[in-house]
1. Considering only segment B:73-107, state which residues are buried (at least 20 other Cβ atoms within 10 Å of the Cβ), of a type in the set (A, V, I, L, M, F, W, C) and within 17 Å of the chain's Cα centre (by Cα).
2. For segment B:63-72, indicate whether the set of residues that are under 32 Å from the mean Cα position of the chain (by Cα), more than 26 Å from residue B:309 (Cα to Cα) and of a type in the set (S, T, N, Q) is non-empty.
3. Of all residues being more than 14 Å from chain B (Cβ to nearest Cβ) and open to solvent by less than 40 Å² (accessible area, probe 1.4 Å) in segment A:54-70, which is farthest from ligand 2 (Cβ to nearest atom)? Just the residue, please.
4. If you scan segment A:13-53, which residues turn out to be within 16 Å of ligand 2 (Cβ to nearest atom), over 18 Å from residue A:99 (Cα atoms) and within 14 Å of chain B (Cβ to nearest Cβ)?
5. For segment A:159-192, give me each residue that is in a strand (DSSP E or B), surrounded by fewer than 24 Cβ atoms within 10 Å (Cβ to Cβ) and of a type in the set (A, V, I, L, M, F, W, C).
6. Could you grab me the full set of residues in segment B:41-77 that are part of a helix (DSSP H, G or I) and polar (S, T, N, Q)?
7. Could you list all residues from segment B:267-293 that are among the aromatic types (Phe, Trp, Tyr) and touching a Leu at 6+ places or on another chain (Cβ under 8 Å)?
8. Taking the condition open to solvent by 50 Å² or more (accessible area, probe 1.4 Å), in contact (Cβ under 8 Å) with a residue 12 or more places away in the chain and not charged (D, E, K, R), does residue B:272 pass?
Amino acid sequence: MNEVILDIQNLETNFVTKKGIVRAVDGVDLQVRRGETLGLVGESGCGKTVLGLSIMGLVDSPGRITGGKILFKGEDLVSKSSEEMRQLRGDRISMIFQDPTVTLNPVLRVSQQLEEVFRYHRGMKGKEARQKSLELLSLVGIPQPEERIDRYPFEFSGGMQQRVVIAIAVALNPELLLADEPTTALDVTVQAQIIKVLKDLKQQKDSAIILITHDMGVVAELCETVAVTYAGNIIEQGDLETILERPSHPYTVGLIQSIPKMEEHGKARLTAIPGTLADPTEIPPGCKFHPRCSRAEEVCKKTRPVLREVSPGHKVACHLD
Amino acid sequence: MGGFVFRRVLYSLIVVLCVLFIVSLLVRIIPGDPVDVMMAGNPGMTEQDKEQIRQQLGLKDPVLVQFEKYIVGVVHGDLGSSLRFRTPNLGLISTRLPATLELTLFSMLIAVIIAVPLGIITALKQDSAVDYGGSVFALIGISTPNFLLGIILILVFAVEFKVFPASGQADPLYVAIGKAVTGQGLGSLGDSLRHLVLPSVALGMAVAAANVRMIRSSMLDVIRTDYIRFAKAKGLPGRVVFAKHAFRNALIPTVTVLGLQLGQLLGGTFVIETVFAWPGIGRLAVQAIFWRDYPLIQAVVLVTAIMFVTINLLVDIIYHWIDPRIRYD
Ligand SMILES: Nc1ncnc2c1ncn2[C@@H]1O[C@H](COP(=O)(O)OP(=O)(O)OP(=O)(O)O)[C@@H](O)[C@H]1O
Ligand SMILES: [Mg+2]
């Protein structure tokens, strides 16, 4: 097995708001190995984006990392200076966002937005940067890059814009790529194309990828491992097969069941998990999931379960097995 | 782009034509007998003189004929003659126009020089003391009438502290710059600028204040956008994120209203030139109104309207250059 390149230990990121302190990331433990594609899944609002931004060092005020470590190849990113983080971003760690139609700057040509990555990280200019940019556009499947590179983002479709965003993110072969719901804002057919782009990239580059998504289908296509988040914690992590076939945490079980399954007569069945995500300013004592858990016992209401290894590579935070 | 410019020029010409039509009829909308009104206070005038003036103003012709004559005149550079000065209006206006342009453009310059940094700092330091200070400044700037501000400035800086002159214009700026460039010393330039400061500040303050608010709010919008977050995620240095990705986008809303604001300033010159005895067409217009010199009023209104239309045309073209999204619509 490859070495661990990202080791997050007990990470906490808070937002101080008028309503109280929002513990968006509340003690996350997560490991990612070189070349691994990890699916990070969980309901809306459980802190996936904030976790990604924390790794990038891009949490804006009123948010702040208040505890824990993010060890990237052994170096703690939390304690790095903002200039050190800037040099890392876009070079060794990249991030792409959900909606490609607002990710690119509307008044700058695609070429300008691509070439500046080479310029500010590698000091490349002019022809050299342009040549590299053209290669990248072909790599992500944009036909006739010479004709398109000098256009503006709004002249591209959403899917093509996401390809450009991906090209920018992988331009310098990052060791870690964070993809925050890269397909959610796109049409189904376009989604499939973007998944293909990511799949091809995985084969050509050996970046580790953290793929943030709601969509178990996307996870099944792309990921080797899965981490499930709930209310700012990782509550289960394991390889794809284990999570899909033998989920252990009651929340994961509910999540897997909520994937629409085709029955014999072709009808889709959806089992949603009853209840809603706890208000992040009022976190229940004990296990955060216990108010929604059908199997909750006394101990679940009092003590917070810790993430522990139940079998090799399979970790769960639950009192019940 | 070419097609767009052509279309905009065409629209502008149509607007100018409408203005011409309205201005040509201006004399007709004076209640009662226009010539009697204009000549009030001129008791020596005979009925014959009045008849001659009626002819001259075209009041005997049907509306459309009057309009046609007016257009033909304007196209040949004839804007009529002033009743008071008995000289062509065009000459009167063109000797005073540079002073007005100088004042208007200089106030716009001051407004922008104040508004751009203040708008950006108040946005970047949101909710700080600087931000609140900026808000107070903007509130006062927007709500103080320009003539009042002008009088206050005169009282404080001309009468009390005697740092700037209270009224009048020294050498026109272009003349003063010419002297400075050709090595005749900086004295003339300094004097011109000293005369410009108070009227420009009085005229431009409201625009500066409005722009501070606008730039602040668009800057706040821009720094929260995903494309700024992505620019940071690319690892660009902070100054590049700001100068290349945020600044231009934040200025777009302001540039769109710059034309309107130049118009607002041009309108403001009527009052400010009067307060500061500035020898421009605004003051000329106010005097023409007091003298009931209708042909002169007509000419000033026409020239002002054409400037207004031209400014808006230019701003539209600049706007299209800044924001490529509309360039292709
Ligand atoms: N700038 C902010 N100020 C205050 N609270 C914030 C801010 N950003 C995020 N949060 C809070 O942090 C929590 C986690 O948000 P986050 O965006 O990470 O969720 P998510 O898992 O990415 O959800 P989604 O699937 O909808 O993208 C939410 O409760 C959210 O309200
Ligand atoms: Mg999110």
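The values are calculated or read from the model by the stated rules, or taken from the named source; none is laboratory data. Note that the coordinates shown come from a computational prediction; the quantities given were computed from them, not determined experimentally. Neighbour counts run over all protein chains shown; Cβ positions are idealised from the backbone, glycine included. Areas reflect the complete protein model, heavy atoms only, side chains present, ligands, DNA and RNA absent. Shrake-Rupley method; radii C 1.70, N 1.55, O 1.52, S 1.80 Å.
1. Correct list: B:93, B:99, B:103, B:106.
2. For segment B:63-72, residues under 32 Å from the mean Cα position of the chain (by Cα), more than 26 Å from residue B:309 (Cα to Cα) and of a type in the set (S, T, N, Q): absent.
3. Across segment A:54-70, the extreme among qualifying residues is A:67.
4. Result: no residue meets the conditions.
5. Just the residues of segment A:159-192 that are in a strand (DSSP E or B), to begin with: A:176-180.
Of the ones still in play, those that are also surrounded by fewer than 24 Cβ atoms within 10 Å (Cβ to Cβ) are A:176, A:180.
Passing the criteria: only A:176.
6. Residues satisfying the conditions are B:48, B:52, B:55, B:56, B:66.
7. Answer for segment B:267-293, where residues must be among the aromatic types (Phe, Trp, Tyr) and touching a Leu at 6+ places or on another chain (Cβ under 8 Å): B:276, B:278, B:291.
8. Working: open to solvent by 50 Å² or more (accessible area, probe 1.4 Å): no; in contact (Cβ under 8 Å) with a residue 12 or more places away in the chain: yes; not charged (D, E, K, R): yes.
So residue B:272 does not fit the description; no.
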